[in-house]
1. Quickly run through segment 225-249 and pick out the residues that are open to solvent by 70 Å² or more (accessible area, probe 1.4 Å) and among the small types (Gly, Ala, Ser).
2. Taking segment 94-118, which residues are within 19 Å of residue 208 (Cα to Cα) and of a type in the set (D, E, K, R)?
3. Consider segment 176-197. How many of its residues are crowded, with 24+ Cβ neighbours inside 10 Å and part of a loop (DSSP other than H, G, I, E, B)?
4. Count, please, the residues in segment 87-105 that happen to be touching a strand residue (DSSP E or B) at 6+ places or on another chain (Cβ under 6 Å) and either assigned to a strand (DSSP E or B) or of a type in the set (Gly, Ala, Ser) (or both).
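The values are calculated or read from the model by the stated rules, or taken from the named source; none is laboratory data. Everything numeric in this text was worked out from a predicted model, so none of it was measured. Here Cβ is always computed from backbone atoms with ideal geometry, including for glycine, and neighbour counts include all displayed protein chains. Surface areas here come from the heavy atoms of the whole protein model, side chains and all, with no ligands, DNA or RNA. Shrake-Rupley method; radii C 1.70, N 1.55, O 1.52, S 1.80 Å.
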Amino acid sequence: MKLPHRRKLVSAFSFISTSPTSHSFRHHNFVHPIASPRRTSTTKNKTSILVKMSESNQNYNNNTNNGQETIEAQRAKGGFRYVEDVAPGLKLDMELKTIHHTSISDIQEVQVIDSYFGKTLVTDGKTQSAEHDEFVYHESLVHPALFWSALLSGTASSSPSSSPSSSLRHPPGTAPKSVFIGGGGELATAREVLRHSTISRLVMVDIDPQVIDVCKRFLPEWGGQAVLDHPKFQLVVGDAHKYLMETKETFDVIIMDISDPIEAGPGIALYTQEFYRRAKELLSKPNGVFVTQAGSADFVPHPHAFPEVGRENGDGDASRETTCFAPIMNTLATVFDHAVPYSCPVASFGEDWGFVMAFDGGE
């Protein structure tokens, strides 16, 4: 779950939808400027809407048995679609089967729908995770960092059980023991952390309690009440940046499951050199590992990834667009000895997604 940022609320379920233009970035002590919010689109006109099928797509066969229209024909009449911008000129367009929930919290608009990718959490009009592949994102974010922490401590000899729901076993009393999650409101990141047998304490700080409640009710497979009731788990509703700046506790692993940096949102503070230095201070020695989601890894050459294209086309807004994967890695590399980028394909996002793991020492 990505720590929400404040912006104009845009309904994901309207026939006509508008959204704010994307922001350019001042440096904020980044190695490079950063743009494009996590799962909120990198295009100038960001939309994720339900649309009526065009008239040509509304043709359906009414000549069914006994002249009765089938359920499929009735659905075709309505013709609702879930359409999400991935990049300029690239959209995901799929059938919308069910709207399970829609509401507006103090932070963002929250929906749970059923689409081609199964049950899907949508916030501010953008897919956050889907039943089809949420495990791909969450396992990729969590397990490399926890296993690397064990390796740095010199105690790793763990291997997963044949059952995906079983604990990931480490030798008794070994690292990692304490983990912090910034964001993570879906509870799936915490679910994956708690699979590791060595964990004795897990603290999760998320800013939006309504997302946590919605996920608990409508997406229990993501973790739900089982995570919330776990004796090793502590939930703090609040600002992850403020919490880490004020805490005196240290952690073996810090996981940031938050929104991409946007200048107008609170998430920007979680991507600065100052914040990374503070996170480094809170990591255990010698096995401390920091990991963050890092936005789109651009498996196709989206125009927004090349600012010079916008300049050539005379598009001032496009010239300010860029990705944040490389800048996040470069910024972490100024603080830690090692910053390791990696990515995985997330079909429901319509693109590869990036992560960066950072640590000191080792090879």
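1. The answer is 226, and nothing else.
2. Once the filter is applied, which keeps residues that are within 19 Å of residue 208 (Cα to Cα) and of a type in the set (D, E, K, R), segment 94-118 yields 106, 109.
3. Adding up the residues that qualify gives 5.
4. Applying the first criterion (touching a strand residue (DSSP E or B) at 6+ places or on another chain (Cβ under 6 Å)) to segment 87-105 yields 91-94, 96-103.
Next, from what is left, pick out any that are either assigned to a strand (DSSP E or B) or of a type in the set (Gly, Ala, Ser) (or both): 91-94, 98-103.
The number of residues fulfilling the criteria is 10.
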